[in-house]
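The values are calculated or read from the model by the stated rules, or taken from the named source; none is laboratory data. If you're wondering where the values come from, they're calculated on a predicted model, not measured in any experiment. Note that each Cβ is placed from the backbone with ideal geometry, even for glycine, and that neighbours are counted across all protein chains shown.
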Amino acid sequence: MSIETAIVFLPLLAFMIAFLFGKTIGDRGAQLVTCSALIVAAVLACVLFVDVIRDGNTRVTEVAQWVSSGSFVAGWTLRIDQLSTVMIAVITIVSSCVHVYSVGYMSHDKAQARFMAYLSLFTFAMLMLVTADNLLQLFFGWEGVGVASYLLIGFWNYKDTANKAAIKAFIVNRVGDFGLALGLMTCYVLFDTIQFDSIFDQVFGQKDTMFDFLGYQVHGLTLAALLLFMGAVGKSAQLGLHTWLPDAMEGPTPVSALIHAATMVTAGVFLVARFSPLFEFAPFALQVVCVLGGLTAVFAATIGMTQFDIKRVIAYSTMSQLGYMFFALGVSAYGAAMFHLMTHAFFKALLFLGAGSVIHAMSDEQDMRNMGGIYKKIPVTYVLMWIGSLALAGMPFFAGYYSKDMILEAAYADHTNFGMFAFWCGIIAAFLTAFYSWRLLIMTFHGKPRADDKVMSHVHESPAVMVVPLVVLAFGALFAGFFFYPGFVGEIRAEFWGESLRILPENDTVGAAHHVPQWVKLLPIFVGLGGIFMAYVCYLWKPSIPARCVAAFAPIHKLFFNKWFVDEAYDKIFVRPAFVLGSFFFKKGDGVIINAGGVDGLSNASDTVAKVLSRFQTGYVFHYVFVMVMGVLALLSWIVFRLGLN
Amino acid sequence: MIQSVDVFQDIKTAMPEVATAAFALWLLVFSAFKKHQAFAVASFLSCAFLVGIIVVCFGMFGQYDEPVVAFGGLYIQDYFSLSIKMLIALGTLISLIYVYFDMKQTQIGRFEAPVLMILSMLGMFFMVSAHDLLTLYVGLELQSLALYILASFNRHSYKAPEAGMKYFILGAIASGMLLFGMSFVYGFAGHTGFGVLEEVLNGTTYNVGLTVGLAFMLVGLAFKISAVPFHMWTPDVYQGAPASVTAFFAIVPKIAAICLIMRLLNGPFGGLQDQWVQIVYALSMASMVLGAFAGLVQTSIKRLLAYSSIGNIGYALMGIVAGGADGGASVVVYMTVYMIMTAGTFGVVLSLRKGGVAVEEIADFKGLSKTSPFHAYAMTLFMFSLSGIPPLAGFFGKLVVFKAAVDSGYIVLAVIGVLTSVVAAYYYLRIIKTMFFDEEDAGMDEIQIVPYAAQHGTLVATLAVVVGFCVVPAVLIEYAEVLVRSLF
């Protein structure tokens, strides 16, 4: 058994044991099994990382033949190249941290074994997704993480809001998945294969192929790229299909950290990076990615500024950071996007789990208006949250600084209108990010306690089982940027990424980013500092300012606070008409036509026929004879009718 | 075709019939003088004899590569007849086991029962080997007369004689129609032998008189297989007769009758195929539809199985409509499977006694899954098989019939067959629902399980066939194709 097989299947094994035998081995047993499996997987992933990245041992490992039908062959294979190895390392490390953290966080829950099982299932599906070597397996993993996400968002299934959020996440993702499925099919039609390698080798030959889509002749590669991107938009909560992500915070906090911050939501980024050979020949698609990413970054940050639920603030922050990654992809800075993905996974998981620690300390309080003044009581969490926020705001020498600056520089270095648009969006978002991050820190930890005495007397530092994973993640948030900078985006990036990313020479924005003017490099730091300063002014020194601002800019605040009314608009445009249509089909279509006329109608009719027929069975012999004679007459008539008299 | 030359060869050729006739007569005399335990001894001897007959038929198998005609063309022996006789003897054996234990419990057992069953079987043997209209008629009547008596065997009940009487009167009318039809055919061809009829009728142009004769003959035979609209006797007789006798009715005679129809239609009337297809088509469709729908409202398990048998005959007739070796083979497979399934179903019914008598009402099955899980699960499998659910035997039976019909272009008939089997599935599955999901009524009489190992052994054997058929379905199907070839 090779090392990659072990990494992928350990979580599956853990899931099966915890899920099927959770009752037998108990909560403690399930936690032990899943956590140890994930930790082993994480260690192995580090070994694999060294093996692949340093020694360049990329490979494809076949697990089993999956589909073999005529010329259509699809294997169940693990594609181990630099891109997937980076993802594997991030997934397993964050996932093992979250697993261990969950042992403490979920300690009062009734279904801990099930929770651990779902976490492991998610990890397996995510690993399936990133190790896919063909479109089918990619889709399998993609849908697998969707299911796991659904199960985990709705984990507290006694809460109505959790169920609704789970369904919402699933349905909104269906919209994106619809595009993804079409994109995969388009690839299959264009390239007549679902293997990644042969697709990427054929891209150049197909760069001018036109494709008949909905009656229009469109550029084949652009169409495929845009459809794939539609899937990414859904999964990565980009503008348009983002509404599920904030609601997904109904799930337990470890879930938010693992799935809705560090890994699953970055699947879209991974997808685009994986298909970089294709996107490179679809410039229009790249422009769309770029603009949408830039818009998302600002849009989400404006909302994050006004929210009061601690998890929602971080959720909008996640969305905003994903926007950064996408506009990096849009300017062909795939390495930079992956870099930010990696650093973001660490510091955002840290922030989420830190928030979880706060919530845990505050007796499940999530509203920041009811917090404050607790930094002395939970100093470790406080420090860790600071580290996460500094990294998020892109302060120098923290992880986020390297990746975020690289993205902004690459966008600037693109020297197109789209790149510049994204650059300025990124700068605005950087200011807002710093602002809401310190707003969060100040409201949560500083000022006067706003919680009641009972809650305040309970405030306590989290147990070691929760703090240790946070420390591990904090290490990532501190050093991942500095340490991996040369590989992901620096001088040795070509050797680092090998064949897994393909960038046209004229699109090498990461290279050009090293030669941008000095002010471009410094601007993000200054706007970040500005944001932090503004937050201190508004929330610590002059707490009356926010209220006055809200009053002065009431319409704008209302817009931001209500999330630009996207949910309301979707509700009006899509949800309500769908319900009306659904209830029409349910009541009239199903009830009246199919049920009354079809199912029930047929069975009632059968009953009637049966009753009529049994009425013939009178028990009188002469009736029976009569029927026989009539039968003979009918038969003879039938013959004469069919064959004639002559 | 080989012509038998002297009377010894005649007897040798007709060995199963000669032996059966001799045994039946000897048994009658022997038992009449036996003072004690006559019923038990006669039953046991009959069982032993039936096993012997199966062995004899099996031993004769190798000598009849070529059909042999004996008794001056009245009688034919071939692969087909020998195989079907083994099947009939097996069915009679199973029925006899049921009859013995059933009558022992209800205390109506008399040695005439096995004798009559053997005689009835003799009639069926002649039907299967008939090579002349007269042999056909004599065989049919012998079989029927024994059945009339068996139906009214329980003289203490008012229902049984009523059933026997109805059966007799209606059967007499059907025989009249059969004879009437034969006279038409004789009038046209001037002969009653199958060989001559085949020569004369092959290539004749359409003749109304001949076709009317054919129609009347088919009506007479349709009565025996209880095809709609000549089925009216079936529910009443099934319900009135003792349960084990009903099992005999359901299991055996129909095989003989349907095989007789196959020989008749493919041999002498083979040239009139486009005419008899019209009739059989109508009978098939009507039987499937009525069997499915009329069964829906039944509350008696015996009446339900009566309608089930009516419906199943419709499917078998579909195989005859399809024609050719494939169609013929499908009929043989279908009837074999049907025989086993029905035998098993009756085995369950007869194992459950209420006040000594086999259960009558479907409601008696309530809560069976708790009181006797083995019988509940066995019944479940038989019901699934009867509704044609894979991988049980009943599925393959239906599959071959539908396939033959579709291959011959009778798609409408096949579709109707599929649809009616959906309707019929309702009443089969309802029994399962009753057993597993309905609570026992308070104060319901206790259901006793019979203690007899032989009966349970039979039940287990049929169950094994129904479940194990899917392992080697091709064997029986290919074998059936081989043996129906001797019909053409």
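Does B:Met383 fit the bill of being assigned to a helix (DSSP H, G or I) and more than 20 Å from the chain's Cα centre (by Cα)?
It is false that B:Met383 is assigned to a helix (DSSP H, G or I) and more than 20 Å from the chain's Cα centre (by Cα).
In region B:1-17, how many residues are β-branched (Val, Ile, Thr), closer than 20 Å to B:Ile84 by Cβ and assigned to a helix (DSSP H, G or I)?
Final tally of qualifying residues: 1.
Hey, can you tell me all the residues within region A:582-626 that are among the basic types (Lys, Arg) and closer than 30 Å to B:Val237 by Cα?
If the condition is that a residue be among the basic types (Lys, Arg) and closer than 30 Å to B:Val237 by Cα, then A:Lys611, A:Arg615 are the ones that fit.
Residues A:Ala285, A:Ala315: which one is in a helix (DSSP H, G or I) and over 19 Å from the mean Cα position of the chain (by Cα)?
A:Ala285
Among residues belonging to region B:5-50 that are surrounded by fewer than 21 Cβ atoms within 10 Å (Cβ to Cβ) and of a type in the set (D, E, K, R), point out the one that is nearest to B:Gln63 (Cα to Cα).
So, considering only residues that are surrounded by fewer than 21 Cβ atoms within 10 Å (Cβ to Cβ) and of a type in the set (D, E, K, R), the one nearest to B:Gln63 (Cα to Cα) is B:Lys12.
Restrict the check to region B:226-241 and report whether at least one residue is more than 30 Å from B:His156 (Cα to Cα), part of a helix (DSSP H, G or I) and more than 11 Å from chain A (Cβ to nearest Cβ).
No, there is no match, as no residue in region B:226-241 is more than 30 Å from B:His156 (Cα to Cα), part of a helix (DSSP H, G or I) and more than 11 Å from chain A (Cβ to nearest Cβ).
Checking the conditions here, which among B:Gly220, B:Gly213 is more than 19 Å from B:Ala316 (Cβ to Cβ), of a type in the set (Gly, Ala, Ser) and either part of a helix (DSSP H, G or I) or within 8 Å of chain A (Cβ to nearest Cβ) (or both)? Show your work before the answer.
On the way: B:Gly220 fails: more than 19 Å from B:Ala316 (Cβ to Cβ).
After applying the criteria, what remains is B:Gly213.
For region A:614-629: of the residues being part of a helix (DSSP H, G or I) and more than 7 Å from chain B (Cβ to nearest Cβ), which is nearest to the chain's Cα centre (by Cα)?
Across region A:614-629, the extreme among qualifying residues is A:Arg615.
Which of the helices (runs of 4 or more DSSP H) found entirely inside region A:541-586 contain at least 3 residues meeting this: at pLDDT 85 or above and among the small types (Gly, Ala, Ser)?
Working: elements: A:544-552, A:554-561, A:566-570, A:576-584.
Ranges flagged: A:576-584.
Among the candidates B:Val357, B:Val331, B:Val321, which residue alone is more than 15 Å from B:Ile431 (Cβ to Cβ), among the β-branched types (Val, Ile, Thr) and over 22 Å from the mean Cα position of the chain (by Cα)?
None of the others qualify; the one that does is B:Val357.
Answer with yes or no whether B:Gln278 is assigned to a helix (DSSP H, G or I), in contact (Cβ under 8 Å) with a residue 24 or more places away in the chain, among the polar types (S, T, N, Q) and surrounded by fewer than 24 Cβ atoms within 10 Å (Cβ to Cβ).
Numbers: assigned to a helix (DSSP H, G or I): yes; in contact (Cβ under 8 Å) with a residue 24 or more places away in the chain: no; among the polar types (S, T, N, Q): yes; surrounded by fewer than 24 Cβ atoms within 10 Å (Cβ to Cβ): yes.
Spelling it out, it is not the case that B:Gln278 is assigned to a helix (DSSP H, G or I), in contact (Cβ under 8 Å) with a residue 24 or more places away in the chain, among the polar types (S, T, N, Q) and surrounded by fewer than 24 Cβ atoms within 10 Å (Cβ to Cβ).
Residue check: is A:Lys611 part of a helix (DSSP H, G or I), away from chain B (no Cβ under 14 Å) and basic (Lys, Arg)?
Spelling it out, it is not the case that A:Lys611 is part of a helix (DSSP H, G or I), away from chain B (no Cβ under 14 Å) and basic (Lys, Arg).
Only one residue in A:Gly531, A:Gly511, A:Gly582, A:Gly601 is out of contact with any Cys (no Cβ under 6 Å at 6 or more places or on another chain), among the small types (Gly, Ala, Ser) and within 30 Å of B:Ala424 (Cβ to Cβ). Which one?
A:Gly601 is the lone residue from the list that is out of contact with any Cys (no Cβ under 6 Å at 6 or more places or on another chain), among the small types (Gly, Ala, Ser) and within 30 Å of B:Ala424 (Cβ to Cβ).
Only one of these is surrounded by fewer than 18 Cβ atoms within 10 Å (Cβ to Cβ), among the β-branched types (Val, Ile, Thr) and more than 14 Å from chain A (Cβ to nearest Cβ): B:Val138, B:Val99, B:Val115, B:Val128. Name it.
Working: B:Val99 fails: surrounded by fewer than 18 Cβ atoms within 10 Å (Cβ to Cβ); B:Val115 fails: surrounded by fewer than 18 Cβ atoms within 10 Å (Cβ to Cβ); B:Val128 fails: surrounded by fewer than 18 Cβ atoms within 10 Å (Cβ to Cβ).
Just one listed residue meets the conditions, B:Val138.
Of these, B:Gly193, B:Gly109, B:Gly164, which one is over 28 Å from B:Ala14 (Cβ atoms), away from every other protein chain (no Cβ under 14 Å) and in contact (Cβ under 8 Å) with a residue 60 or more places away in the chain?
Every option except B:Gly109 fails the conditions.
Give region B:441-460 a look and list any residue that's in contact with a Leu (Cβ under 9 Å, 6 or more places away or on another chain) and in a loop (DSSP other than H, G, I, E, B), or say none.
B:Ile447, B:Val450
Which condition breaks for A:Gly294 when tested against (1) over 22 Å from A:Met406 (Cβ atoms); (2) buried (at least 24 other Cβ atoms within 10 Å of the Cβ); (3) not β-branched (Val, Ile, Thr)?
A:Gly294 satisfies all of (1) over 22 Å from A:Met406 (Cβ atoms); (2) buried (at least 24 other Cβ atoms within 10 Å of the Cβ); (3) not β-branched (Val, Ile, Thr) except (1).
Of these, B:Tyr206, B:Tyr186, which one is part of a helix (DSSP H, G or I) and hydroxyl-bearing (Ser, Thr, Tyr)?
Among B:Tyr206, B:Tyr186, only B:Tyr186 is part of a helix (DSSP H, G or I) and hydroxyl-bearing (Ser, Thr, Tyr).
Based on this model, can you work out whether A:His242 counts as outside any helix (DSSP H, G or I) and buried (at least 24 other Cβ atoms within 10 Å of the Cβ)?
Against the criterion (outside any helix (DSSP H, G or I) and buried (at least 24 other Cβ atoms within 10 Å of the Cβ)), A:His242 qualifies.
Considering region A:507-539 alone, what residues qualify as being over 30 Å from the mean Cα position of the chain (by Cα) and under 30 Å from A:Phe281 (Cβ atoms)?
Listed by number, the residues that qualify are A:Ala512, A:His514, A:His515, A:Val516, A:Val520.
Looking at region A:552-597, which of the residues that are of a type in the set (D, E, K, R) and closer than 30 Å to A:Ala248 by Cβ is surrounded by the most Cβ atoms within 10 Å (Cβ to Cβ)?
It comes out as A:Lys563.
Could you grab me the full set of residues in region A:348-379 that are over 25 Å from the mean Cα position of the chain (by Cα) and outside any loop (DSSP other than H, G, I, E, B)?
A:Ala361, A:Met368, A:Arg369, A:Asn370, A:Pro379
Identify, from the list A:Gly400, A:Gly394, A:Gly388, A:Gly373, the residue that is touching a Gly at 6+ places or on another chain (Cβ under 9 Å), more than 25 Å from A:Ala262 (Cα to Cα) and of a type in the set (Gly, Ala, Ser).
Of the residues listed, the single one that is touching a Gly at 6+ places or on another chain (Cβ under 9 Å), more than 25 Å from A:Ala262 (Cα to Cα) and of a type in the set (Gly, Ala, Ser) is A:Gly373.
Answer yes or no: is there a residue in region A:414-424 that is over 16 Å from A:Ala261 (Cα atoms) and among the aliphatic types (A, V, I, L, M).
So far as region A:414-424 goes, yes, one or more of its residues are over 16 Å from A:Ala261 (Cα atoms) and among the aliphatic types (A, V, I, L, M).
Going by what's in this entry, would B:Tyr410 be described as more than 20 Å from the chain's Cα centre (by Cα), more than 14 Å from chain A (Cβ to nearest Cβ) and surrounded by 15 or more Cβ atoms within 10 Å (Cβ to Cβ)?
The answer is yes for B:Tyr410.
Could you list all residues from region A:635-646 that are at the interface with another protein chain (Cβ under 7 Å from one of its Cβ atoms) and under 18 Å from B:Val280 (Cα atoms)?
Matches in region A:635-646: A:Leu635, A:Leu636, A:Trp638, A:Ile639, A:Arg642, A:Leu643.
Can you name the residue in region B:294-311 that is touching a Leu at 6+ places or on another chain (Cβ under 8 Å) and assigned to a helix (DSSP H, G or I) and, of all such residues, is nearest to the other protein chains (Cβ to nearest Cβ)?
Let us first name the residues in region B:294-311 that are touching a Leu at 6+ places or on another chain (Cβ under 8 Å), namely B:294-295, B:298, B:307-308, B:310-311.
Then keep just the ones that are assigned to a helix (DSSP H, G or I); that gives B:294-295, B:307-308, B:310-311.
Working: B:Ala294: 4, B:Gly295: 7, B:Tyr307: 9, B:Ser308: 14, B:Ile310: 11, B:Gly311: 12 Å.
If we take residues in region B:294-311 being touching a Leu at 6+ places or on another chain (Cβ under 8 Å) and assigned to a helix (DSSP H, G or I), then B:Ala294 is nearest to the other protein chains (Cβ to nearest Cβ).
Scan B:Phe437, B:Phe469 and give me the residue that is over 29 Å from B:Met103 (Cα atoms), aromatic (Phe, Trp, Tyr) and either in contact (Cβ under 8 Å) with a residue 40 or more places away in the chain or within 14 Å of chain A (Cβ to nearest Cβ) (or both).
B:Phe469
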